[in-house]
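Novice: If you scroll down you'll find the structure; I have some questions about it.
The values are calculated or read from the model by the stated rules, or taken from the named source; none is laboratory data. Note that this is a predicted model, so its numbers are computed, not measured. Ideal geometry is used to build each Cβ from the backbone, glycine not excepted, and the neighbour counts take in all protein chains shown.
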């Protein structure tokens, strides 16, 4: 592994999203503030408790996770696609950087942005509700694994994308519905048995619940099972990304 | 001595079925300044793409300084610096970021990369622009930036794909001087260009490629010696009698300008002698067109005629 190259790609990626911080770091803070005010405060007061805690406290982990997913995905998808579009991906392709180094560099950039956004949203949340965190270690592992998974997803999306529209299709038509149906705003125990079973096919359920367990100690899913699912998906996505880039799909003629 | 580049039987068929290379063979010696010429679509950029691993080959063998592209890819890449035809850097990054990052991809530590960046950007007149974003540079500066970027890991083989396209004459000549200098310092250079004058001025050896095959691979000197007839334009002093030239094809272009085709074996003296006998004074003289250009067109045409019966 060429560590100098890895560090270079990672710094380049971080410099990119920090340079355009108004587009990358501010929007999640504003969006989540609105979610906290509208869903947490105004509607939440009428809902009462969920999972043994106030509704506001219940949705905080899900909303942080939603920001992590969106930002990790879009950071890598747009950065890698731009590099393809402007052809500066060739700078890496002509140099002796291994496929794994390129993947780790881009994914590292996406994870860094997701973690910064997670901290920002957590700080915003703390203005609305006191946070009594139960398991710091579980929170850290879950957020890193989730950010890595969606950064890999963004990379795979960018490999296949031919236009800028192609990097917004998956977030709009797949990620957003799965996130909203992934137990961010409700406990799946509220659903009829059939839909509870269907929900378990949604990978985001596992991430949100493991993360929520770390915050409030309550989860619809066994957190260890959730971590196992996350690791499995990470391994599968990493294998797909490595195979695609190694074969030069979308980047070599 | 190990060759800088050795290509054997290189073939490339693109997904749509287009056969860009049909068994290309090419050798470039260490320290050479080599021109790869050919009409549009001949396969020059595909060849360069394969050498620099931007294009996957279909068949054939490529070696760079003895390293095999298939089995020693990282070593091959370390020895090559590529200056592509189109600007392919991030337009939003600064000049310094672009070159230092490129060095980083080759494993050059950041401190050393910054030292080299100062050296090469200064040599190419870009050090003052180091903190400017690439998109704000002029076309000529962008071309020089790509040369600096390709040199930062100090490659032994520099490949330039039409490096002076769209560059003004003054800058083109300063780039020629720079390329000549680094070639004298030991870097092997392969250049594609549409400016045949550029190849004639800079390069010692030349390969002409057409329809995916090398149709000529020789020294520039040997190639130019194939040129049998040159056309000269003579500007004459006013004269009374009509001009007559025995044994030469000539065309009068206006009252005082004459075009004469001069076969090499006859030379110019016979032209001047005949004009002098008629009392006609020659004020000045120049070549009508680039000699290499004529030869290039002839060779491509001959190559195509030879291939046609087999098709």
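Novice: Before we move on, is residue B:107 surrounded by fewer than 22 Cβ atoms within 10 Å (Cβ to Cβ), at positive phi and facing chain A (nearest Cβ under 8 Å)? It would help to see each step written out before you state the result.
Specialist: Working: surrounded by fewer than 22 Cβ atoms within 10 Å (Cβ to Cβ): yes; at positive phi: yes; facing chain A (nearest Cβ under 8 Å): yes.
In short, yes.
Novice: Check segment A:190-212 and report whether any residue there is modelled with pLDDT under 90, outside any helix (DSSP H, G or I) and crowded, with 22+ Cβ neighbours inside 10 Å.
Specialist: The answer is no; no qualifying residue exists.
Novice: Working only within segment A:52-102, note down all residues that are outside any helix (DSSP H, G or I), in contact (Cβ under 8 Å) with a residue 60 or more places away in the chain and within 11 Å of chain B (Cβ to nearest Cβ). Steps first, please.
Specialist: The first filter runs over segment A:52-102 and keeps only residues outside any helix (DSSP H, G or I), leaving A:52-54, A:86-88, A:94-98.
From the residues that got through so far, the ones that are in contact (Cβ under 8 Å) with a residue 60 or more places away in the chain too are A:52-54, A:95-98.
Scanning segment A:52-102 gives A:95, A:96, A:97, A:98.
Novice: Among the residues of segment B:96-103, is there at least one that is under 30 Å from residue B:220 (Cβ atoms) and surrounded by 15 or more Cβ atoms within 10 Å (Cβ to Cβ)? Walk me through how you get there before you give the answer.
Specialist: Quick first cut of segment B:96-103, residues under 30 Å from residue B:220 (Cβ atoms) only: none.
No - not one qualifying residue is present in segment B:96-103.
Novice: I need a count of the residues in segment A:137-162 that are more than 30 Å from residue A:250 (Cβ to Cβ) and touching a helix residue (DSSP H, G or I) at 6+ places or on another chain (Cβ under 7 Å).
Specialist: Pass one, segment A:137-162, residues more than 30 Å from residue A:250 (Cβ to Cβ): A:137-142.
Subset that is touching a helix residue (DSSP H, G or I) at 6+ places or on another chain (Cβ under 7 Å): A:138-139, A:141-142.
So the count comes out to 4.
Novice: Oh, and also: Among B:61, B:22, which is under 22 Å from the mean Cα position of the chain (by Cα) and farther than 30 Å from residue A:3 by Cα?
Specialist: From the options B:61, B:22, the qualifying one is B:22.
Novice: Only one of A:226, A:235 is loosely packed, with under 13 Cβ neighbours inside 10 Å and either more than 23 Å from residue A:81 (Cβ to Cβ) or touching a residue at least 24 places away in the same chain (Cβ under 8 Å) (or both); which? Spell out how you get there, then give the answer.
Specialist: Numbers: A:226 fails: loosely packed, with under 13 Cβ neighbours inside 10 Å.
Going through A:226, A:235 in turn, just one is loosely packed, with under 13 Cβ neighbours inside 10 Å and either more than 23 Å from residue A:81 (Cβ to Cβ) or touching a residue at least 24 places away in the same chain (Cβ under 8 Å) (or both): A:235.
Novice: Against the definition (over 18 Å from residue B:191 (Cα atoms) and assigned to a strand (DSSP E or B)), how does residue B:60 come out, yes or no?
Specialist: On the way: over 18 Å from residue B:191 (Cα atoms): yes; assigned to a strand (DSSP E or B): yes.
In short, yes.
Novice: Could you tell me which of the residues A:188, A:204, A:251 is touching a residue at least 24 places away in the same chain (Cβ under 8 Å) and within 14 Å of chain B (Cβ to nearest Cβ)? Let's see the steps before the verdict.
Specialist: Working: A:188 fails: within 14 Å of chain B (Cβ to nearest Cβ); A:204 fails: within 14 Å of chain B (Cβ to nearest Cβ).
Only one candidate passes the filter, namely A:251.
Novice: Being within 12 Å of chain A (Cβ to nearest Cβ) and either more than 30 Å from residue B:3 (Cα to Cα) or touching a strand residue (DSSP E or B) at 6+ places or on another chain (Cβ under 6 Å) (or both) narrows it down to one of B:98, B:147, so name that one. Quick ask: steps written out before the conclusion?
Specialist: Details: B:147 fails: within 12 Å of chain A (Cβ to nearest Cβ).
Just a single option satisfies the conditions, and that option is B:98.
Novice: Hey, residue B:90 hits all of (1) within 14 Å of another protein chain (Cβ to nearest Cβ); (2) touching a helix residue (DSSP H, G or I) at 6+ places or on another chain (Cβ under 9 Å); (3) farther than 29 Å from residue B:196 by Cα; (4) free of Cβ contacts under 8 Å to residues at least 40 places away in the same chain but one; which does it fall short on?
Specialist: (4)
Novice: On to the next question. On the given criteria, is residue A:116 modelled with pLDDT of 95 or more, part of a helix (DSSP H, G or I), more than 10 Å from chain B (Cβ to nearest Cβ) and out of contact with any helix residue (DSSP H, G or I) (no Cβ under 7 Å at 6 or more places or on another chain)?
Specialist: Values: modelled with pLDDT of 95 or more: yes; part of a helix (DSSP H, G or I): yes; more than 10 Å from chain B (Cβ to nearest Cβ): yes; out of contact with any helix residue (DSSP H, G or I) (no Cβ under 7 Å at 6 or more places or on another chain): yes.
So residue A:116 passes the test.
Novice: Further question on the same structure: So which residues in segment B:63-87 are part of a strand (DSSP E or B), more than 8 Å from chain A (Cβ to nearest Cβ) and touching a strand residue (DSSP E or B) at 6+ places or on another chain (Cβ under 8 Å)?
Specialist: So the first thing to find is which residues in segment B:63-87 are part of a strand (DSSP E or B), and the list is B:63-64, B:67-68, B:80-83.
Next cut, more than 8 Å from chain A (Cβ to nearest Cβ) only: B:63-64, B:67-68, B:81, B:83.
Of everything in segment B:63-87, those that are part of a strand (DSSP E or B), more than 8 Å from chain A (Cβ to nearest Cβ) and touching a strand residue (DSSP E or B) at 6+ places or on another chain (Cβ under 8 Å) turn out to be B:63, B:64, B:68, B:81, B:83.
Novice: Evaluate segment B:227-243: report whether one residue or more is surrounded by 14 or more Cβ atoms within 10 Å (Cβ to Cβ) and touching a residue at least 60 places away in the same chain (Cβ under 8 Å).
Specialist: Yes: segment B:227-243 contains one or more residues that are surrounded by 14 or more Cβ atoms within 10 Å (Cβ to Cβ) and touching a residue at least 60 places away in the same chain (Cβ under 8 Å).
Novice: Where residues in segment A:11-30 are part of a helix (DSSP H, G or I) and in contact with a helix residue (DSSP H, G or I) (Cβ under 7 Å, 6 or more places away or on another chain), which of them is nearest to residue B:98 (Cα to Cα)?
Specialist: Keep residues of segment A:11-30 that are part of a helix (DSSP H, G or I), which gives A:11-19, A:21-24, A:26-30.
From what is left, the residues that are in contact with a helix residue (DSSP H, G or I) (Cβ under 7 Å, 6 or more places away or on another chain) are A:12-14, A:16-17, A:24, A:28-29.
Working: A:12: 10, A:13: 13, A:14: 15, A:16: 13, A:17: 16, A:24: 22, A:28: 30, A:29: 31 Å.
Ranking the candidates gives A:12 first.
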